[in-house]
Each structure stands twice: as structure tokens, then as C-alpha cells.
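> Got a structure here, written out as C-alpha cells. Questions coming.
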Amino acid sequence: MTGPVRRTTRPPALVLVLAALGLAVFVVPLLGLIARVPWSRLPELLAGDVVGDALRLSLLTSIAATVISALIGVPLAWVLARMEFRGKSLVRGLVLLPLVLPPVVGGAALLFALGRRGIVGGPLNDLTGIVLPFSTGGVVLAATFVAMPFLVITVEGALRNLDARFEGAAATLGASRWRVLFRVTLPMILPSLAAGLALTWARALGEFGATITFAGNLQSRTQTLPLAVFVALENDRDTAIALSLLMVVVSLGVLIGLRDRWWRSW
Amino acid sequence: MSFRPLLVTLLAAAVATAGCAGNTSRDVLLVSAAASLTDAFNGIALAFEADHTGVDVQLNFAGSSSLREQVLGGAPADVVATANPDTMAPLVDADLTTSDPLVFARNRMAVAVPSGNLAGVSGLEDLADPTLLIGLCDEAVPCGSLARAILLRAGITAAIDTNEPDVRSLLTKLEADELDAGIVYITDVIATGDGIEGIAIADAINLATDYPIAALRSASDPQAAEEFVDFVLSTRGRDILARHGFELP
Amino acid sequence: MVSPPVRGLDARLVVASGNGFTLDIDLAIRSGHTVALLGPNGAGKTTAVQALAGLRSLDAGRIELHGRVLDDPAGNVFVPAADRHIGVVFQDYILFPHLNVAENVSFGLRSAGVGASEAVAAARSWLDRLDIAELAERRPGDLSGGQAQRVALARALITEPAMLLLDEPLAALDVTTRARLRRTLADHLEAYEGPRLLITHDPTEAYLLADEIHLIEDGAITQVGTAEDIRLRPRTRYAADLAGSNLVTGTASAGVVESAGHRLRVGDTTIHGPVLATIHPRAISLHRNEPEGSPRNTWRTSVDRIEHYGDRVRIQTGPPMPLTAEVTPNAVDALGLHEQSSIWVSIKATEIDVTAG
């Protein structure tokens, strides 16, 4: 028998083996992708206007979806964390539904609701002439639908864990509700808020199923990087792999960059 | 709330998929076919099984390019039928088929509009109207490349709003009246029924795609595979194909 | 009851919580006076703080501060916390962890619209007053308990509030720091001119810091008076328990506390100067004859009063050092105790707690 002290200084071997397996789940597919990259043709493949348009559109729509999620998802999280009302568990279930639904189903639901013949989209179209499907706005909407739950759950959890006495203390010091929100509540949940925004952005960037079902696929208007990858897989595998590599590089770059700047307290 | 039936459907699909995955009985004949063959091959499979009581035909439908990738990637299949010769050619080149593929059906294109045709589309030339919502299949799939070839022959530049990944998703959007017009297979117009109206494209401009079929060398029961190919080419097979709108070579 | 003061707090707090508990107390505090709300955990002290601060509304009753009505359900008046101008030192201090000390202290002024540089300058002058000027740039996470308490006090006082609420201001501190900070807290309370309410479960704290003590039990005030009143005439078992903690003020030197000419030997030989000695009633032994043995404080006295509390009996002893002892009814019979009877008192030196007063 080795002494108990030596044992505790080393992590259990089983944990390390399982952790390595866990990491392999992420790394092995990435290696498979990298192994197939046509390195010599890469500059030529990435120089095409399809790639440039898709990258620009992906960044634009994923950032827009993240901003919209912050504007309406944080208040929703606040209501779920701080208010008691009948049917709250149903509301929370609805918020989480996009995590469970296949995105294609979500896209179809969006089409039936917000398409020009949809129950909301119809009147909207009659009143304003706005048609959301097949528009860049539709891409943003689809991305928001699938990505916002990540922000809502993260922020709701953080608000629940936040000791309400801090907000009470601010109020006794004469702070208005807005000042409490912006100077106490939000700064105190900043690490969770940042993590939620990063997850939301990442999910929005990778969104495919709901987008193609609701917003269609047209270069420079609705064709994001994942759609471009999917179409290219049909007839131009090298371009598809080059596009996938681009997505990996862009998202890793942003997520690691954010981690260094925002997630210090993690 | 309409979520409950939806969830039930999803669960049922998951259970059905799980059930199939474990089934490797020797009496199973795996047929991989183009998505546009769905209704016709379901009918053919039923008729074939009635004649060959020992065989259980399992059908795998997908876009032709996906089928090609599946078979090249080693996915199990006994018979393969695609929507154009181009997607079959790599399988012949790789020496995966038992003999040269045979063309068993031909499909022409039509302009499809939602039932009621609220936008008043009268023919191919309306696809150039930028005020209409126009959808085609993406040029990477056969229905998309055919549609573009037809538009080129007609000298029309379509005001495209979306390039759908397959004909099924294009049809869904036409049926939902979210698109005003698109170009699809005639068989799809027939199969979709009430949701879609077809407008014929002039014979001088229209194009057809040939559907080839072949048995694969990897077939677990080569004889059953050959019998299935023969059945598709037989009078009974041709009758079923014709009923679903296919032209016969 | 004292008649309602013109300057000060006059309140009746009625708050019903969901689980059947109801707080129903009257509180009147004149400006310049400190009232302690002393009670066990769960008595409703925190609810009272929340109601006064405006963090929860009354179900009935009324809060009036310097003639201004802050809460009156019957009159449909409720002034929210942000407009009450009541300074609160919260239990655990509740300093904002994302702001540094100067920002914490200036928070109230900034909320009132004071410019950033002016507010920070005011904060620094308050920190200076509390001898913690060097902490201005620190985060609350890097402060000791005593430092955090002073920051919390500065944060509450900087806006010159109309009233000061202190919710267990010393509970988060270790024993030695507590005694030291109790004295500085007393000084700062003295300097504040408005009404002060001290919430505490610690009788020592209440006796030393408050002019008047309100005992709160199970949502109701059970006794009001000075420390002396409560010690001599406890009206409930809880009050008796508190009272039983005999408090003797005196001067310590080399293990002896001298109080009004009487000398007590105590266990702690290191403490010097003004002290408060605490003696639990069960630590006091009563004897018919002079006891012998171990280092004890012993003296002869008489029984002033005998009070029965169910299975316990409290005996008030007479001069030279009046104390309350607690014995069983059997002991009363065995000793043949009755009022005016002569007895010997003995207390082990180690049973006497001494803290710097």
C-alpha cells in the first residue's frame, strides 16, 4: 500500500483516462478535418467571393443575434429569476424548447409563425410589407431563436445565486431601480453574463437547420458559413473543408480572446 | 399547443430508427434511392415483397449526392438508384456495381406554384420578376442544375430568393405559400397533391433527367438484388413508376 | 409607553410572512438615542430591519420618521427604500464586491446625483475620519472583518441619513476584534445625531451600546427597559436567560476585577482596565455553610427574592454584589431557602467571562 498522502497528491488514474476520452470527443473530429485540408489550394479556395460573403454575413448575423438576445433575453432571465407567477415552469420550459427541438423543426415553426402567410408574419406583412423569410433579418431571427436560451439559462442562474441583499443595500443608499440594475446587479453577474453571451454567439455562428428552413439559402443575403459548407459538401468538398477550417479558426480565436479579456474570474 | 403531437412524432421516429439499426437479418434487402423516388419505390417495394415472401425490402431515401457519398464511404446497400447518371458514374468507376447501370425512368421539370397561385404566375418567364419570391434547388443537386439549364435555354435570368438544399425543402416552402414559384420535378407536383399546382414548361425548352439503377457487388444476397432491379424494369415496375408521373425510356 | 417624540422614529410594524409568523411591534426612538432590538434568531429582527428600510412593505401599522410618513397601508402610503434616507449597516456588511472601498462609500452620494470627483473626495474624508484612509483603493474581498465594518459604517453615514439601522454590526467579527470595535462603534454612534436602532442577539452588545433595550421574541416585544430593568425584573424565560448572564462592570488588574469595592477573582489574568464580567446563573453555587477548596470567590449574603420558572428557580442575592443564581426546586428544598435567609455564594474564577468594556 502506498501512503494516503501520496495518493491524494495524484489525481485518480480513472479520472484522467475518462477526461482524455472526453477531450478526444472534441479533438478527433477536428484532426479528421485538418487531415483533409488541401493546404496548397487553401488561399485560392478562401479567396472566392462565396467565402467572403458567407464570412461577413455570419459575423454580422451572429453578432446581431447576440445583441438582440442580450436586449430581450436578460430581461426574460430577470423575470424568471425574480418574479413568481402562475405557469412559470411552463414559461421556463418554452424558453428551453429550442435546445431540445431539432433546429429544422424550429425553422419550420418560425416559417409557419412569421412567414408571410404565418399567424404573426401575415398581419406584419399586410401592415408593413416586411417579409422575414429569405431575408438577412430572417437569418438573425433563426439564430436568435436557437441561441438565446443559452443566455437566458446562464443569466437566470446567476441572478438566482445573487444575494438580493446587495440590491437592497443599493436601494437604501438611494439608488434608483435603473442604477441598481446597471451599477450592482449586472456588474455582479458579469462573469456569467459574459459566458452566456459567448455561448449565445457561438451557437448563433454555428446555426444551420433553422436558418436554411426559415431564411433559405442565397449568397450574400442568407448564406452563412454553415450553409455554404453544407452546399459545398454536395459538389466541392475542398471548399467545404476550407470553409469549415475558417469557422474553426474564427470561433476559436474569438472564444479564446474573450476568455482572456472577460472571464478572468473563472 | 401543438408541441405534444410533435414530440410524440419525434419520439416515434427515434424508436423506429433504433429498431432498424439493430436489424441485420440476411433476408433484408437494402435499397438506397433518390429522394424523388420515395412514393414510387414504396409502392414497388410492397409489390416486390408480395412476390418474394422471404425478402424484407428496407428503403433508404436521400439526395443523390448524399447517396453517392454514403455508398463510396462504405455504407451497407444492396441496390442503388439515383436521380441522374452523374451521381452513379463514380460508383461504376470505383467498380462497386455488378454491371453497367440501367436507366429505368425519366423525370421532367415543371414550374410549381402554391395552390391558388395568388401571385398569378403564368409560366417560366415570371421567374425573372424580382417582386416575386422565387426558389430553386441549389445547383449542387440535380433538380437545381436541371432548372438552371432550362432557364439558360429559355434565356431567362431568374430573380432567385433562395437555393434550397433539396427538392423536399423547396416543396415545403411552396406548399406553405412562402414562395411564389419554383422549378421542381413533375413527379413532385403529382406527389404533393393539393398543396402545389404545376405549370408545364414547353417541350422545346424542358429537360429530363435519367434515373439509373444498379445492384452492388457488396450485396449480401446478390440474387435478390438482381431480382429487385429486374422487377423495377418489369411491366409491373414500370406501371407503378408511370402512375407516379415518371416517363419511361 | 413613551409618548411619541417629535424628532425621531415612531413606528408600529406589522408584517405577516407566509408560514404563519407575524411580526407586530411598536418602536419609538428619539433622535440621539440608541434602541437595541434584542432577541433570539427567528424572532423577527431582520423582518423589522427590512420593513424600516423599505425593503418590504407593512401589512398593517405605520412608520413615521421625523414627522414624515414612510409606510401606512391604511393610508396607502409606501415610500420605497431609495427615498427613505435611512442608513443601514447590514449584517455581513454587504459591501459591493465589484467596487473598491472609495466607490462603495461614495455610492450613496453618486445615487443622489453628486459628481464623481466630489463624491470620491467626500468618501476619502469619511475614510479618514474612520482611520481607514489607506484602504480607499482596496476591494471588499481584501478587507478584514473590522475594516469592512468601518467601510459599511462610512457608506451608511456619508449621506447623512435621517436614521441609522445597524443589523448585527459585530456578529461577523472574531471575539477579540469585537470588543475593540464595540468601543469605536459606540463613539461613532454617539457622534450621529439621528435615531439609531441596533439589532442584535448579543446582550453584551445591547447593554453597552443602547440607551434602551426592546426584547423581541416570536415577533412581539416582550419587555422594554434598561439593562438593569431587564436584569432585575425579567418578564419571560428568554429575558430571564439573558438576565441570568449577570453583568458586572469594573476594573481588572492581575486576575482580579474590582467592582464597587467588591473583588472578584477571574480566570483571565492578562486583561487590564475597564471590563465587563459575565457570570452565568448556573455557574453560581449556593451553600448553607462556608464552602471549602479550589480557588473560588466566596462570600456570605442573603436571599432577596425567589422566583419560580417551571423546573427552574431563580434566586436574587443581596449585597455586597447582587447576583442572580439559578437552581433546581429540589435544591431550594434541600437548602431550606426562603426570602431573607442567610446563604454562602461561591463562583469558580474560571466560570467568569471577562471582556474589555
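> When a/c reaches 1.5 or more, the comparison of a/b and b/c decides; with that in mind, is the stretch C:76-205 rounded, prolate or oblate per its Cα gyration tensor?
Verdict is oblate for the stretch C:76-205.
> Write down the radius of gyration of the protein assembly as shown and its Dmax, each obtained from C-alpha positions, in Å.
41.9, 133
> Lys/Arg Cβ at +1, Asp/Glu Cβ at -1, dipole of chain A taken about the Cα centre: which of A:G138, A:V91, A:G118 is farthest positive-ward?
Comparing the listed Cα positions along the dipole, A:V91 ranks first.
> Going by the alpha-carbon gyration tensor, a ≥ b ≥ c the square roots of its eigenvalues, is the stretch C:137-192 rounded (a/c under 1.5) or, if a/c is not under 1.5, prolate (a/b greater than b/c) versus oblate? Write down the numbers at each step before the final one.
Details: a/c = 2.03, a/b = 1.20, b/c = 1.69.
It comes out oblate by the Cα gyration axes.
> Okay, moving on. Net charge near A:R56, counting Lys/Arg +1 and Asp/Glu -1 over other residues with Cβ under 12 Å of its Cβ?
Numbers: positive: A:R221; negative: A:D49, A:D53.
Around A:R56, the charge tally is -1.
> Rounded to the nearest 20 Debye, what is the dipole magnitude of chain A about its Cα centre when Lys and Arg each give +1 and Asp and Glu each give -1 at the C-beta?
1040
> Let me ask another. Please compute, for the alpha-carbon atoms of the stretch A:58-156, the extent along each of the three principal axes and give them in descending order in Å.
Its Cα atoms span 38, 32, 26 Å along the three principal axes.
> Also, quick follow-up: For chain A, with the dipole built from +1 on Lys and Arg beta-carbon atoms and -1 on Asp and Glu ones, taken about the Cα centre, which of A:F166, A:A195, A:T128 lies farthest toward the positive end?
A:F166
> May I ask what percent, to the nearest 5, of DSSP beta bridges between residues of chain B are antiparallel? Intermediate results must be reported in sequence, preceding the final value.
Details: 20 of 36 bridges.
Of the beta bridges lying entirely in chain B, close to 55 percent run antiparallel.
> Based on alpha-carbon positions alone, could you give the equivalent ellipsoid semi-axes of the stretch B:107-208 from the gyration tensor, as √(5λ), descending, whole Å?
17, 15, 13
> Averaging sequence separations of C-alpha pairs under 8 Å and six or more residues apart, then dividing by the length of chain B, give the relative contact order as a whole percent.
Working: 445 pairs, mean separation 68.9, N = 249.
That works out to 28 percent.
> Here's another thing I want to ask about it. Looking at the stretch C:207-305, which trypsin sites (Lys or Arg not before Pro) are DSSP coil and have at most 16 other C-beta atoms within 10 Å of their C-beta?
Working: sites: C:R231, C:R235, C:R237, C:R263, C:R265, C:R282, C:R288, C:R296, C:R300, C:R305; in loops: C:R235, C:R288.
Loop-located and lightly packed - C:R235, C:R288.
> Where nothing but the Cβ of Lys and Arg (+1) and of Asp and Glu (-1) is charged, how large is the charge dipole of the stretch C:245-356 around its Cα centre, in debye to the nearest 20?
140
> Now for a separate question. Cα gyration tensor of the stretch B:21-87, axes a ≥ b ≥ c as square roots of the eigenvalues: rounded (a/c below 1.5), prolate (a/b > b/c) or oblate? Could you put the intermediate results ahead of the total?
Working: a/c = 2.50, a/b = 1.36, b/c = 1.84.
It comes out oblate by the Cα gyration axes.
> Pairs of alpha-carbon atoms within less than 8 angstrom and 6+ residues apart define the contacts here; what relative contact order does chain A have, in percent?
Details: 288 pairs, mean separation 77.6, N = 266.
Relative CO of chain A lands at 29 percent.
> If you place +1 on the Cβ of every Lys and Arg and -1 on the Cβ of every Asp and Glu, how big does the dipole about the Cα centre of the protein assembly as shown come out, in debye to the nearest 20?
The dipole of the protein assembly as shown has a size of about 3380 debye.
> Once you average over the residues of C:148-158, how many Cβ atoms of partner chains fall within 10 Å of each Cβ?
What the average comes to for C:148-158 is 1.
> Another one. With a 10 Å Cβ neighbour count serving as the proxy for reagent exposure, in which order, fewest first, do B:C143, B:C137 appear?
B:C137, B:C143
> Would you be so kind as to identify which of A:L227, A:M148, A:F208 lies farthest towards the positive end of the dipole of chain A, taking Lys and Arg as +1 and Asp and Glu as -1 on Cβ and the Cα centre as origin?
Farthest towards the positive end: A:M148.
> Could you tell me the relative contact order of the stretch A:113-266? Use alpha-carbon pairs under 8 Å, at least six residues apart, and round to a whole percent.
This gives 26 percent for the stretch A:113-266.
> Counting only complete DSSP H runs, which helices of chain A cover 15 Å or more along their long axis at the Cα atoms and score a mean Kyte-Doolittle of 1.0 or above?
Values: long enough: A:13-35 (30 Å, 2.84); A:49-82 (48 Å, 1.44); A:88-100 (18 Å, 1.57); A:103-114 (16 Å, 2.13); A:136-161 (37 Å, 1.35); A:190-206 (24 Å, 1.10); A:225-235 (16 Å, 1.60); A:237-262 (37 Å, 1.14).
Span-like helices in chain A: A:13-35, A:49-82, A:88-100, A:103-114, A:136-161, A:190-206, A:225-235, A:237-262.
> Right, here's the next one. How long are the semi-axes of the equivalent ellipsoid of the stretch C:245-356, taking √(5λ) for every eigenvalue λ of the Cα gyration tensor, in whole Å from largest down?
Equivalent ellipsoid semi-axes, largest first: 25, 14, 12 Å.
> Using 10 Å bins from zero, what percent of all Cα-Cα pairs in chain C falls into each bin?
5, 22, 27, 23, 15, 7, 2, 0
> Then there is this: Could you list log10 I(q)/I(0) for the stretch A:49-262 at q = 0.15, 0.16, 0.17, 0.19 Å⁻¹, which the Debye formula gives when each Cα is one point scatterer?
For the stretch A:49-262 at q = 0.15, 0.16, 0.17, 0.19 Å⁻¹, log10 I(q)/I(0) is -1.00, -1.09, -1.17, -1.31.
> Among the aspartates and glutamates, which fall within straight-line cross-link reach of C:K45, defined as a Cα-Cα distance under 13 Å, with same-chain neighbours fewer than 8 residues apart omitted?
C:D24, C:D26, C:D167, C:E168, C:D202, C:E217, C:D218
No lab work stands behind these numbers, since they all come straight from the coordinates. All of these numbers come straight from a predicted model, not from anything done at the bench. Methodologically, a virtual Cβ is constructed for each residue, glycine included, from the backbone with ideal geometry; neighbour enumeration extends over all protein chains shown.
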